[in-house]
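The values are calculated or read from the model by the stated rules, or taken from the named source; none is laboratory data. Remember, it's a predicted structure, so these values are computed and weren't measured experimentally. Here the Cβ is made from the backbone with ideal geometry for all residues, glycine too, and neighbour counts use every protein chain on show.
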């Protein structure tokens, strides 16, 4: 089984869907374009007068089968740690590594995803192999730990 193939007509529907904007957000700086339903008594937008932006309606909705899919046809899953990859199906799911994840854990996630055959939507820009990156990073972390320990010991001696 492969990812769901999104038909061309569904992609065209998404492209034809208008950009729904808040009434008169183009007129006032204080109003963001985030959608709000027009409720005014004489609102031209609520009355759907020609020349005014369209209202949000159920007819614009994507078919349920294709809703929430990445354009590649996979279901997108946000991953924070390697354990999050357990139970994911490589035929259905694609992973996106969270932005708050550091490089060391990111490399671990990439290695685990490769083992499981999962597609990574935002792979890290690694020029070397993952093992070389970890070999570079780990000694730096150990040095930092030793420096922190020395500072603690010096701080403890000053307090006595």
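Please find, within segment 115-133, the residue that is modelled with the lowest pLDDT out of those that are assigned to a loop (DSSP other than H, G, I, E, B) and either in contact with a strand residue (DSSP E or B) (Cβ under 9 Å, 6 or more places away or on another chain) or surrounded by 13 or more Cβ atoms within 10 Å (Cβ to Cβ) (or both).
Ranking the candidates gives 126 first.
Taking the criterion of being farther than 30 Å from residue 142 by Cβ and in a helix (DSSP H, G or I), would at least one residue in segment 23-46 satisfy it? No, that holds for no residue.
Checking residue 43 against (1) modelled with pLDDT of 90 or more; (2) under 27 Å from the mean Cα position of the chain (by Cα), which single condition isn't satisfied? Just one mismatch for residue 43, condition (2).
If you go through segment 19-31 one residue at a time, how many are loosely packed, with under 14 Cβ neighbours inside 10 Å and more than 23 Å from the chain's Cα centre (by Cα)?
Matching residues across segment 19-31 total 5.
In the set 50, 37, only one residue is surrounded by fewer than 15 Cβ atoms within 10 Å (Cβ to Cβ), over 31 Å from the mean Cα position of the chain (by Cα) and more than 30 Å from residue 119 (Cβ to Cβ); that residue is 50.
One residue stands out among those in segment 63-113 that are in a loop (DSSP other than H, G, I, E, B) and under 26 Å from residue 138 (Cα atoms): the one that is modelled with the lowest pLDDT, which is 102.
Condition first: surrounded by fewer than 11 Cβ atoms within 10 Å (Cβ to Cβ), under 24 Å from residue 111 (Cα atoms) and free of Cβ contacts under 8 Å to residues at least 12 places away in the same chain. Can you find one or more residues in segment 69-86 that meet it? Yes, that holds for at least one residue.
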